[in-house]
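Student: Before I ask anything, let me first share the structure, which is written out below as structure tokens.
Where a number appears in this text, it was derived from the coordinates with a stated rule and is not lab data. Note that the coordinates shown come from a computational prediction; the quantities given were computed from them, not determined experimentally. Here the Cβ is made from the backbone with ideal geometry for all residues, glycine too, and neighbour counts use every protein chain on show.
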Amino acid sequence: MTTLDTLLDEHGRTYADEAGISLKDTPSPLFELLVLTQLLSARISADIAVAAARELFSAGYRTPEKMAASSWQDRVDALGRGRYTRYDESTATRLGETAEKVRSDYHGDLRRLAERADGDVEAASRLLQEFDGIGPTGATIFLREVQDVWPWVGPYFDDKALAAATDLGLPTDPAELGDRARGGERAVLAAALVRHSLS
């Protein structure tokens, strides 16, 4: 078994998949990824962020409309069920604001953010960082996870992923590294590398 096979067998799962998001280029899954990104952006473990996302989605808050229609207390309660308790109140506020911003700026559809970025990954990163609570790290998470449904983003391997590639003796040129992804799933490979760097 190669190093790459071992890496993918041990760590080959995106955070979106773990959170129950069937990621595709449609409004609801893209919004769900934005919610997950916001949760992962806080100083809290990825496991708790993923659990909180699953609770929010189980409660039905999979679209900006449903999130905006939920009460602040409903969001706090869902976050609490996911053990996301340290930042539950501020995050509940941010999630409501994020839903409203997606509705007002992008008519509820983050594909419009992609259109506005016009193939420029840095522009997409800047637009993502306009959401309160999402900084450079959060934008990186979103772009890393979305690259297989927004092919113009990829191959997208951030510094953590490339450091792990170096550690494992894999190529560090993004195009060459992306070519090694099983079934062209570059997001899975990028996630596996990041998880390796954190293990």
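Student: Taking the convex hull of the Cα atoms, report for region 119-199 its projected area averaged over all directions, in nm².
Tutor: Details: hull surface 21.0 nm².
It is 5.2 nm².
Student: Specify the longest stretch of the chain that does not include any exposed loop site, a site being one of the trypsin sites (Lys or Arg not before Pro) with a non-H, G, I, E, B DSSP assignment and at most 16 other Cβ atoms within 10 Å.
Tutor: Values: sites that count: Arg13, Lys24, Arg43, Arg83, Arg86, Arg180.
Result, exposed sites excluded: 87-179.
Student: Of the residues Ser41, Ser22, Ser125, which exhibits the maximal mean-square fluctuation in a Gaussian network model of the chain defined by a 10 Å Cα contact cut-off?
Tutor: Of Ser41, Ser22, Ser125, the most mobile in the Gaussian network model is Ser22.
Student: Hey, could you grab the Kirkwood Rh for the chain? Inverse mean 1/r over distinct alpha carbon pairs, Å, one decimal.
Tutor: After inverting the pairwise mean of 1/r, the radius is 16.9 Å.
Student: Rounding to the nearest 20 debye, state how big the charge dipole of region 64-199 is about its Cα centre with +1 on each Lys and Arg Cβ and -1 on each Asp and Glu Cβ. If you can, show how the numbers build up before the last one.
Tutor: Details: 18 positive and 24 negative charges, 86 e Å.
Dipole magnitude for region 64-199 comes out near 420 debye.
Student: On alpha-carbon atoms, Rg over Rh for region 66-126 using Kirkwood Rh?
Tutor: With Rg and the Kirkwood Rh in hand, the quotient comes to 1.11.
Student: Quick one: grab the alpha carbon gyration tensor of region 111-161, order the square roots of its eigenvalues as a ≥ b ≥ c, and give me rounded if a/c is under 1.5, else prolate or oblate depending on whether a/b is larger than b/c. Could you put the intermediate results ahead of the total?
Tutor: Values: a/c = 1.84, a/b = 1.01, b/c = 1.83.
Since a/c reaches 1.5 but b/c is at least a/b, the shape of region 111-161 is classed as oblate.
Student: In the Gaussian network model of the chain, springs joining C-alpha atoms below 10 Å, which of Thr140, Thr37, Thr166 carries the largest mean-square fluctuation?
Tutor: So, out of Thr140, Thr37, Thr166, the one fluctuating most is Thr166.
Student: Here's another thing I want to ask about it. What are the semi-axes of the equivalent ellipsoid of region 1-79, taken as the square roots of 5 times the eigenvalues of the Cα gyration tensor, listed largest first and rounded to whole Å? It would help to have the intermediate numbers written out before the result.
Tutor: Details: eigenvalues 150, 42, 16 Å².
Sorted largest first and rounded, they come to 27, 14, 9 Å.
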